[in-house]
Amino acid sequence: MTDQPISGENRLASPGVPIFRNVNWGGLKTLYIKEVRRFFKVQLQTVWAPAVTTLLYLVIFTIALGGRGRADIMGVHFADFIAPGLIIMGMLNNAFQNASFSLLAGKMQGTIVDYLMPPLSTAELLAGLTGGAVTRAFCVGATVWLAMALWPGVHVAPIHLWAILWFGFLGAVFLAFIGVLTSIWAEKFDHAAAVTNFVVAPLTLLSGTFYSIERLAPAFQTFSHFNPFFYIISGFRYGFLGVSDSPWWGSLVILGLDIVMGLICYTALKRGWKIKN
């Protein structure tokens, strides 16, 4: 029987040489859809419940602090000031929760092999996990925005749509990377909850969500400028109000932090830290 040349599509790769030499778009799409379907399957808990909680924040704080028009911040009514901050706060929290669950649940349930065995590179795995978290963040943000748009006395009409999308994306990616790193490091759900309670929540609440840092003492203003959440929330607020209390280079700070966090997550996944060992 005459030997026939093996076509490129059917040729087996040599040991240690990947078959997919470029981006495995099919695998990346499958992982992304899996992550999105996972939180959409329980959307009452992952999308609608955070939206209701955020709306309750708006109601409580506007009644307690903004009643009778007493509180105007940066030239706008208190309710209009805190509404964008509450939207992005809900987006950040849910991006972190989604990303911090996937690998950790796999380690706890013994299904981590489902993430490690498919023919996906480290970058593709990280992109799929991050993409699912960012999608959940924007779903929550859109739901909260719609509820606030229908709420009487609150104005959340976009002024600079590019700032809303840009800072929303940068913030969601930043928290997704923190979530992925937490999911790699944590050995049980209590560890992820500790990061939420002692890192994410304090930095979010102390970032100017409910106040302008112009009203703080100089020492606390300096502290706020070292808080990356401050730049995310201020930039996102600029998209709705057209005013901001953060410097123009805040976008570059968050972009740089995203790159650094992405490299850290990539290195941890590549080495299999606390995943393969």
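The values are calculated or read from the model by the stated rules, or taken from the named source; none is laboratory data. Just so it is clear, the model here is predicted, and its values are computed rather than measured. Every residue, glycine as well, gets a Cβ built from its backbone with ideal geometry; the counts of neighbours run over all protein chains shown.
Given the criteria of a type outside the set (Ser, Thr, Tyr), farther than 16 Å from residue 90 by Cα and at pLDDT 85 or above, does residue 235 qualify?
Criteria not met by residue 235.
For the stretch 100-114, give me each residue that is surrounded by fewer than 20 Cβ atoms within 10 Å (Cβ to Cβ), of a type outside the set (Lys, Arg), in contact (Cβ under 8 Å) with a residue 40 or more places away in the chain and not in a loop (DSSP other than H, G, I, E, B).
108, the sole residue that qualifies.
Is the stretch 66-75 home to any residue that is within 25 Å of residue 228 (Cβ to Cβ) and either out of contact with any Ser or Thr (no Cβ under 8 Å at 6 or more places or on another chain) or at pLDDT 85 or above (or both)?
Looking for residues that are within 25 Å of residue 228 (Cβ to Cβ) and either out of contact with any Ser or Thr (no Cβ under 8 Å at 6 or more places or on another chain) or at pLDDT 85 or above (or both), one finds none in the stretch 66-75, hence no.
Tell me, yes or no, whether the stretch 147-160 has at least one residue that is in contact with a strand residue (DSSP E or B) (Cβ under 9 Å, 6 or more places away or on another chain) and not aliphatic (A, V, I, L, M).
yes
Restricting to the stretch 167-197, and then to whatever is not in a helix (DSSP H, G or I) and not acidic (Asp, Glu), can you tell me which residue is farthest from residue 230 (Cα to Cα)?
188
Let me spell it out: the conditions are (1) in a helix (DSSP H, G or I); (2) surrounded by fewer than 14 Cβ atoms within 10 Å (Cβ to Cβ); (3) touching a Leu at 6+ places or on another chain (Cβ under 9 Å), and residue 200 meets all of them except one. Which number is the exception?
It is condition (2) that residue 200 fails.
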